[in-house]
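One structure coming up, written as structure tokens, with questions to follow.
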Amino acid sequence: MKDSLAERLDPYNYTSGRWLRRDALERESRLIRFDFDALCRLVIELCPGANSIASYDKKEGGFNRVFIFHTDNAKCIVARLPFPLAGPSRLTTNSEVATIQYLQAKTSIPIPKILDWSDDASTAIGSEYIIMEHAPGIPLHQKWLTMDVGDRIRCIEAIYQKLKEIVDLEFPAYGSLYFANTPYITASNLALGQEFCIGPHCGAIYWDCNVGQPRYYHKSNPNQGPWPEFAAYCDGLIDTGISKIPPAGALPQRPRYQGSITTHYELLEYGRAVAKKMAKDPRIQNAATPIIFHPDLHKRNIFVSEADPTVITAIIDWQSTSIEPAFWHADEVPDFAQPISDPSCEDQIEPKSEACAKAFDICTQFLVPKLSVPRSMEEALFRPFRYCYRTWEDGAVAFREELIQTSRCWKELGLAESCPFPLPSPDEYAVHRKDYKLFEAAHQLRHSLSSLLNTASDGWVPLEDWEATETAHRETFRGMRQQILGNEDPDDDEPIRDEADLREIWPFDLE
């Protein structure tokens with residue numbers, strides 16, 4: 001049974017979907033070479049009374065391959081193996097296990113028990129792994145549509161009663177949690193009791209593990225934390241932005257709003273000066289309290305009782321959990337709290353989702369006020385911090401726009417002294433606006449295409465829809481090209497004027 005399943009379900013390759021952009025690279029980055037038989041043997045060892053694997057399912061997300069094993073004595077065990085792009089090797093696994101055990105020691109949040117783990121890929125398994133009990137109950141997304149509005153509201157309250165325990169924890173620095181005795185974390189870790197410490201941030205944005213986003217340290221040293229104060233955290237964001245800028249001569253083809261290498265360096269140094277001044281503001285410091293929070297809170301990661309979906313039975317997937325400024329976590333709205341349009345009247349919000357959004361706001365305000373404070377503040381106070389590390393992905397024009405808007409409303413925001421970023425001249429601003437319109441058009445195009453083709457924003461398509469979606473993608477490009485070529489007299493401010501403009505900002509591969 002085991003051999004036939006392994007052959008049919010392919011434990012090693014990514015088989016859940018394909019990408020309209022960089023498809024081969026995306027799939028290669030999710031290949032895991034390991035010993036599946038050794039993993040099966042270990043699962044059996046961890047289940048007293050089991051003699052064999054009766055069946056297993058393979059599930060794949062963006063960062064992990066998950067196997068759900070059913071043994072011959074009716075045990076259900078989950079084994080998760082990280083993809084190389086999940087985060088830095090060893091650190092990502094060590095931090096997740098340490099975070100789970102820290103939360104299990106400090107809170108009553110229900111998290112499945114870890115049976116075994118390894119952050120060393122050189123063991124018999126041949127991969128890092130975490131093996132744990134299966135979460136009791138069922139995923140919330142399986143119950144949500146059939147729940148009445150009262151149960152939904154009670155469920156949201158129950159979730160935040162649990163999360164309150166996390167938000168109330170206090171930390172002396174920003175970074176990620178690890179076990180204190182981890183031998184390879186030697187630089188500047190901060191003790192957190194006897195068993196745990198705060199070490200480097202294991203989020204993928206700080207490391208060279210992202211698909212098609214190599215790091216370069218010829219202009220700045222790696223700066224992954226931990227950071228004992230907010231100003232140092234801001235330097236980490238800026239240094240991360242600098243590390244993404246390639247050396248001269250290594251430039252790939254990019255849209256014109258990308259900006260030159262020199263432009264990126266100049267903007268990021270202005271960004272460093274702006275962040276340094278803003279970080280002194282007492283309001284921002286108050287909203288930057290170091291807190292830990294679930295990194296991907298949505299219905300699929302929350303398990304509830306099948307008999308009573310207002311009872312939370314487990315919260316899973318703590319990978320890349322980190323200690324961040326409160327405003328960083330406050331920006332996210334879970335899928336169960338997002339208002340959706342009423343199908344019967346697009347101008348109105350569907351009543352159940354509107355009630356859930358209000359319940360989320362109330363729970364945030366009264367149960368996790370550390371998150372509520374930044375949510376109630378002017379968003380412009382945080383935007384430079386949220387976008388400074390992304391200049392190479394987004395294009396220089398996007399961060400320049402943030403700096404311009406921050407500089408313009410500096411006094412209105414009540415910030416001290418003057419803004420370190422000088423406003424552009426009228427001629428410079430005219431050029432900037434033209435580039436920014438193309439940037440906006442590119443983002444709108446990506447959003448429209450993802451919606452039209454029913455793909456993720458990065459072009460991911462379920463395998464069963466691949467051929468039809470790829471055909472629709474080509475036809476959509478041909479249709480838009482014909483539309484542009486047919487417009488013989490485009491407006492002066494039209495950002496997409498010819499086929500070259502369209503190809504320049506097209507988000508998916510055309511070859």
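Residue by residue, here is whether (1) under 23 Å from the mean Cα position of the chain (by Cα); (2) within 18 Å of ALA441 (Cβ to Cβ) holds:
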site	(1), (2)
ALA456	yes, no
VAL461	yes, no
ALA472	no, no
ARG478	no, no
GLN483	no, yes
ILE505	no, yes
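Consider segment 404-450. How many of its residues are within 29 Å of the chain's Cα centre (by Cα), polar (S, T, N, Q) and either under 19 Å from GLU266 (Cβ atoms) or assigned by TED's automatic domain parsing to the domain that holds ASP281 (or both)?
Selection size over segment 404-450: 3.
When you check LYS58 against the structure, is it within 18 Å of ALA314 (Cα to Cα) and either without any contact (Cβ under 8 Å) to a residue 60 or more places away in the chain or basic (Lys, Arg) (or both), yes or no?
So LYS58 fails the test.
Of the residues that sit in segment 335-357 and are surrounded by 14 or more Cβ atoms within 10 Å (Cβ to Cβ) and over 22 Å from the mean Cα position of the chain (by Cα), which one is modelled with the lowest pLDDT?
It comes out as ASP342.
Further question: Take residues that are buried (at least 17 other Cβ atoms within 10 Å of the Cβ), out of contact with any helix residue (DSSP H, G or I) (no Cβ under 6 Å at 6 or more places or on another chain) and of a type in the set (S, T, N, Q) and tell me which of the strands (runs of 3 or more DSSP E) falling wholly in segment 130-226 contain 1 or more.
Ranges flagged: none.
In contact with a strand residue (DSSP E or B) (Cβ under 8 Å, 6 or more places away or on another chain), among the charged types (D, E, K, R) and either in a helix (DSSP H, G or I) or in the same structural domain as CYS419 (by TED's automatic domain parsing) (or both): does that describe LYS370?
Taking the combined requirement at face value, the residue satisfies it.
Table: residues versus (1) at positive phi; (2) crowded, with 17+ Cβ neighbours inside 10 Å; (3) not assigned by TED's automatic domain parsing to the domain that holds ASP168.
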{"position": "GLY249", "(1), (2), (3)": "yes, no, no"}
{"position": "ARG272", "(1), (2), (3)": "no, yes, no"}
{"position": "ALA275", "(1), (2), (3)": "no, yes, no"}
{"position": "PRO290", "(1), (2), (3)": "no, yes, no"}
{"position": "ARG300", "(1), (2), (3)": "no, no, no"}
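Inspect segment 28-49 for any residue being among the acidic types (Asp, Glu), surrounded by 14 or more Cβ atoms within 10 Å (Cβ to Cβ), out of contact with any Phe, Trp or Tyr (no Cβ under 6 Å at 6 or more places or on another chain) and in contact (Cβ under 8 Å) with a residue 40 or more places away in the chain and give the result as yes or no.
Yes, that holds for at least one residue.
Would you mind listing the strands (runs of 3 or more DSSP E) fully within segment 251-362 where at least 2 residues are in contact (Cβ under 8 Å) with a residue 24 or more places away in the chain?
290-292, 302-304, 312-315, 323-325
The values are calculated or read from the model by the stated rules, or taken from the named source; none is laboratory data. Worth saying up front: this structure is predicted, and the values here are computed from it rather than measured. Don't worry about glycine lacking a Cβ; one is built from the backbone with ideal geometry, like all the others, and counts go over all protein chains shown.
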